[in-house]
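The values are calculated or read from the model by the stated rules, or taken from the named source; none is laboratory data. What you see is a predicted model, and the numbers here were worked out from it, not measured in a lab. With ideal geometry, Cβ positions are generated from the backbone for all residues, glycine too; neighbour counts draw on all protein chains shown. Just the protein is used for accessible areas: all its heavy atoms, side chains included, with ligands, DNA and RNA removed. Shrake-Rupley method; radii C 1.70, N 1.55, O 1.52, S 1.80 Å.
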Amino acid sequence: MSRLAQNYNSVKDRIAKASAHSQTDRIQVQLLAVSKTRPSEDIRKINQLGQQDFGENYLQEALEKITALTKLPIRWHFIGPIQSNKTRQIAENFDWVHTVDRAKIAQRLNDQRPDHLAPISLCIQINLDNESTKSGIVADKAFELASLISALPKLRLRGLMFIPAPQSDYKQQLQTCQKAKTIFDTLKKQYPELDTLSLGMSSDLEAAIEAGSNMVRIGSDIFGERNYST
Ligand SMILES: *Cc1c(COP(=O)(O)O)cnc(C)c1O
């Protein structure tokens, strides 16, 4: 078995084990394979193992891969920061966007989503700890943004996305992830159709799933350490 296939299987295994322990054990945890900086060939190999959801952060790089892999059954998720002059290409080429954090971006994605495509699936990105990342909105403002998004016909609000500051201690990871889950549950009371808590990366996927995440975004533990110089 190739190294990629071994990595992929071991991540699937970790997800299955973590789900068995979590309160959400009857909810399927989705795996989003984060392929930023990785060649199309690696995506093709993981896709052949049955993986259909891939996440990309950098638009130009993503568009090259989407073009190269256009015949494959892949759902593309945009998970990078969004500049407003990039929304058209995102609206035209992606199935999901996880990083919506302001009304202007939501409105442009709606207006620029081509009519022949289904509504684009969106998560609102919440900033839990303000300093570690500049993207995301504070939780209090998510409600207003959710109300705007749910009124737009070419957008489908799916849930919330979080990038917690890196922590190595499991208990701390779990506490942070539980905060995220509480915010998600509060919003879901108003919008019962929400079905996605996008939370958890290579180093905290177990804590995220224990807290109730149902979509983990895994890059390095599948594809290996990223090398930005190549
Ligand atoms: C890179 C990235 C990931 C994957 O991170 P790993 O630690 O490599 O698993 C997940 N989410 C976002 C938003 C990312 O940018």
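Some points to look at:
- Long pairs among Lys104/Lys179; Lys12/Lys171; Lys86/Lys154; Lys141/Lys189; Lys12/Lys45; Lys104/Lys189, criterion Cα-Cα beyond 19 Å: Lys104/Lys179; Lys12/Lys171; Lys104/Lys189
- Gaussian network model of the chain, Cα within-10 Å springs - most flexible of Lys134, Lys17, Lys86: Lys134
- Accessible area of the range 30-126 divided out per residue, in Å², using a probe of 1.4 angstrom: 43 Å²
- Calculated FRET efficiency for the pair Ser2/Ser150, C-beta based, R₀ 41 Å, to 0.05: 0.45
- Mean shadow area of the chain over all directions, Cα convex hull, nm²: 12.5 nm²
- Residues listed by number, the range 189-208, amide nitrogen under 12 Å from Arg226 label point at 7 Å toward C-beta: 202
- Dipole of the chain, positive end: most advanced residue of Gln112, Gln178, Gly80 [Cβ charges, Cα centre]: Gln112
- Residue separation of His116 and Gln28 scaled by 0.36 nm, minus their Cα-Cα distance, works out to 28.7 nm of gained length.
- Sites counted here are GluC sites (Glu not before Pro) in a DSSP loop (not H, G, I, E or B) having no more than 16 other Cβ atoms within 10 Å; the longest part of the chain that contains none of them is 1-130.
- Within the range 38-75, trypsin sites (Lys or Arg not before Pro) in DSSP loop having at most 10 other beta-carbon neighbours inside 10 Å: Lys71
- Over every Cα atom in the range 105-158, the radius of gyration and the widest Cα-Cα span, Dmax, amount to 12.4, 40 Å.
- For the chain, the mean residue ellipticity at 222 nm estimated from helices alone is -13000 deg cm²/dmol, where every DSSP H run of n ≥ 4 contributes -39500 (n - 2.57) and the total is divided by all residues, rounded to the nearest 500.
- Share of carbon and sulfur in the accessible heavy-atom surface of the chain [1.4 Å probe, %]: 48 percent
- Relative contact order of the range 84-230, defined on C-alpha pairs under 8 angstrom at six or more residues apart (%): 18 percent
- Dipole magnitude for the range 1-79: computed about the Cα centre from +1 point charges on Lys and Arg Cβ and -1 point charges on Asp and Glu Cβ, it is near 180 debye.
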